Amino acid sequence: MKRMGFGIIGCGAISNMHAGAIVEIENAELVACTDVNEKSLADFSTKYGITPYNDFNKMLNDTRVDTVCVCTPSGLHKRFCVEAAKAGKHIVVEKPMALTTMDCDEIIKACDENNVKLEVISQNRFKDSFKLVKSMVEEGKLGRIVSADIYMKYYRSPEYYGASNWKGTWAMDGGGALMNQGIHGVDILLFIMGKVKSVFGYTRTLARDIEVEDTASAVVEFKNGALGVIQGTTSVTPGYPRKMEINGTEGSITLIEGDITVWDIKGIEKPEFKATLGHSHNDPMAFNIEGHVLQITDLIRAVETDSEPYVSHREGRRPVELITAIYESSETGKRIDL
C-alpha cells in the first residue's frame, strides 16, 4: 500500500509533534514543509530531511503531498485549510479549527465540495477513560445526569505571551484561557455530554497584559437537561491539572486529566487505566505525541475507507461555537441560546 505523503504548514513548536507522529506511522511519510520564517523552515527541513518550501502554494503543487498538517497560528487556520481543500489535499489541523463558526463553516464547505477529509486535533477523545465515561452517560449507568463540570485552572507566564507576536491577541489567538488553553476540555465535555441548549458566561483579563481573557467562568445548560460549569484560566499560580466531574442520580465520576479518580456507580467496579498525568496546565508543551499518532492514523483510515474522521470538521466546530457563545454572553450580559 502506498504511504500517505504529508506536508507541514508552519514550523513552530507544535509542528514537531506532528512530524514526530508521522515518522512513527508505518503508512505515512513526511515529505515537505513550508514557513515564511526562513530560519525556522531551514532548521525544520534539515532536522527531518524533507523538502522546504518558502511558498505554501508550491508545496500544494508537490504531487507527493497528499495531506497537510496546519500548524500555524490559529488565526491562519481558515485560510490554509480552505486553500488546501481546494487543492484536493486532506487536512490535519491543530485546535482550534478556526476562530469563528463562520470560518469553520467556510472550511466545512471547502472540504465537502472538494471531497477531502479533515481531522481536528482533539487527543482526549481517543483516551479509553473518556470513551468509557461517555458510554456510561449514554447507557444511563449514572442515572439522569444533573451536573457536568470542567475546571481548567492553568498557568501561563507573562513571558509565554511576551515571547510571541500572536498569542493573547484576538486576531491570531481568537481568545485566551478558553479558545487556546481550554478548548480541549470544552471539547471533551461536549463529547461526553452532547449538545448545549444555552450558556451564560463571564470572561475577564485579570492578571496578564493581553487582549484576550485570562480568566473565565460559564454556566451551561445541556440539551439533556443537565447543568454544568466551565472554568478556564491562564492566571492561576502554580496551575493545576484539568478536572472533570460528571454527576447523576445513580452515580458520579471524576477525572483528573485522563485519570479516573472517583468512580461511585452502584454495581459497577472501577476500571483500571494506566493514565499518565501531564503538566500542560503549567507547561504548554508538556505532553507526548501519542495523541497525534492516533489522530493522524485515524485520518489515514478515514481516507482509505472513505469514511468520517473520528474528530471531523463538524465535530471541530462544536467547541468553537460554545466558546464564542461564552464570549458573546460576557460582552452582552445575556444568556446565549445555541
One residue is enough: does segment 215-236 have a residue meeting the conditions modelled with pLDDT of 95 or more, in a loop (DSSP other than H, G, I, E, B) and within 21 Å of the chain's Cα centre (by Cα)? yes
Can you report the number of residues in segment 237-278 which are assigned to a strand (DSSP E or B), open to solvent by 40 Å² or more (accessible area, probe 1.4 Å) and in contact with a strand residue (DSSP E or B) (Cβ under 8 Å, 6 or more places away or on another chain)? 7
Could you say which residue among Ala286, Ala302, Ala275 is modelled with pLDDT of 95 or more, aliphatic (A, V, I, L, M) and within 23 Å of the chain's Cα centre (by Cα)? Ala302
Subset of segment 145-176, residues aliphatic (A, V, I, L, M), in a loop (DSSP other than H, G, I, E, B) and modelled with pLDDT of 95 or more, comes to Ala171, Met172
Quick one: in segment 17-42, of everything that is out of contact with any helix residue (DSSP H, G or I) (no Cβ under 8 Å at 6 or more places or on another chain) and assigned to a helix (DSSP H, G or I), which residue is least open to solvent (accessible area, probe 1.4 Å)? Leu41
If you scan segment 86-129, which residues turn out to be of a type in the set (Gly, Ala, Ser), in contact with a helix residue (DSSP H, G or I) (Cβ under 6 Å, 6 or more places away or on another chain) and not in a helix (DSSP H, G or I)? Ala87, Ala98, Ser122
Does Leu294 count as open to solvent by 10 Å² or more (accessible area, probe 1.4 Å), modelled with pLDDT of 95 or more and in contact with a helix residue (DSSP H, G or I) (Cβ under 7 Å, 6 or more places away or on another chain)? yes
Only one of Leu132, Leu142, Leu76 that is touching a residue at least 24 places away in the same chain (Cβ under 8 Å), in a loop (DSSP other than H, G, I, E, B) and of a type outside the set (Phe, Trp, Tyr): Leu142
Only listed residue being surrounded by 22 or more Cβ atoms within 10 Å (Cβ to Cβ) and at positive phi, chosen from Gly194, Gly174: Gly174
Pairs under 7 Å by beta carbon, first residue more than 20 Å from Cys111 (Cβ to Cβ) and open to solvent by less than 40 Å² (accessible area, probe 1.4 Å) in segment 43-69, partner assigned to a helix (DSSP H, G or I) and among the hydroxyl-bearing types (Ser, Thr, Tyr), six or more apart or different chains? Phe44/Ser15
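The values are calculated or read from the model by the stated rules, or taken from the named source; none is laboratory data. On a predicted model such as this, the values are computed, not experimentally measured, just so you know. Neighbour counts are summed over all protein chains in view; Cβ atoms, including those assigned to glycine, are modelled from backbone coordinates with ideal geometry. Each accessible area value is taken on the protein alone, full model and side chains, heavy atoms only, with ligands, DNA and RNA left out. Shrake-Rupley method; radii C 1.70, N 1.55, O 1.52, S 1.80 Å.
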